[in-house]
Amino acid sequence: MNHKENDLVLPGEILCTYEEYIPSSWTYVEEGFIKASINGRIQINKKEKTISVSSINAPDSLKIDDYVVGHITEVKQNKALVTIKMIKGKNRDLITGYKGYIHISKANEDYISSLHDLFKIGDIVEAKVINIYGPEYIDLSTSQKDTGVIKAMCVNCRKFMKLVDGKLVCECGKVDSRNISSNYGGF
Ligand SMILES: [Zn+2]
């Protein structure tokens, strides 16, 4: 342990070894050490054995369990990348620079083999914040019913698609499917 609770740390500073605590908000693991991903004060939860950084800057606006809205920027087999635009329920846009990802294990309650069937680039999604490892490394989930795609972008013509009888239909004639939220079409 390099520091004690409430110490001020800078991004990249070593907090402790990976064996000592479980990394939580605004921390990341590198070469066996847990490091701070933002400037702030160290918070230790002895009961849950977690270590996190409580930031004095903007990031405390984004918390674990928040619902966020963003758009899909890249889809890999196991991970969909999301640029976060706003926190749901808060009446303002987020400062840019928040990026998250949806891992395949947290995309849907059912077993799926590839995220390519659930998300497409340009889709707008609503997701729940599971963990925050840094401003560009936010762990998101869309396995809740009211999370997932709320606006699907047509792969043919880049227009947003309408939901008709459980299917996504575009005015160009394309019919498609996604990991659709129960809030489809709304914000
Ligand atoms: Zn279309």
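Remarks
- Spacing of the two label points (7 Å from each Cα toward its C-beta) at Ser177 and Asp117, in nm: 0.7
- Gln77 versus Val164: modelled label distance in nm, points set 7 Å from Cα along the beta carbon direction: 3.5
- The residues packed around Glu5, meaning those with a beta-carbon under 12 Å from its beta-carbon, carry a net charge of +2 if Lys and Arg are +1 and Asp and Glu are -1.
- Extent along the principal axes, Cα only, for region 66-173: 41, 33, 22 Å, with the longest axis given first.
- Taking the inverse of the mean 1/r over every pair of distinct Cα atoms in the chain gives a Kirkwood hydrodynamic radius of 17.5 Å.
- Cα gyration tensor shape for region 8-56, rounded if a/c is under 1.5, else prolate or oblate: oblate
- Net charge contributed by nearby residues that have their C-beta within less than 10 Å of Arg41 (K/R +1, D/E -1): -2
- Lysines with Cα under 24 Å of Lys4, excluding same-chain neighbours fewer than 8 positions away: Lys35, Lys46, Lys47, Lys49, Lys63
- Whole-number percent relative contact order across region 37-187, with pairs defined as alpha carbons under 8 Å at least 6 apart: 19
- Segments 39-51, 123-135 sorted - mean Cβ within 10 Å per residue, highest first: 123-135, 39-51
- Packing-based order for 98-104, 76-82, 148-154, using average beta carbon neighbours within 10 Å, highest first: 148-154, 98-104, 76-82
- Least to most buried among Leu163, Leu62 (fewest other Cβ within 10 Å first): Leu163, Leu62
- Within a straight-line Cα-Cα reach of under 16 Å, Lys79 can be paired with the following lysines, leaving aside sequence neighbours fewer than 8 residues apart in one chain: Lys99, Lys106, Lys120, Lys128.
Since every read-out is calculated from the coordinates, none of them should be taken as a lab result. Small disclaimer: the values here were computed from a predicted structure and weren't measured. Here Cβ is always computed from backbone atoms with ideal geometry, including for glycine, and neighbour counts include all displayed protein chains.
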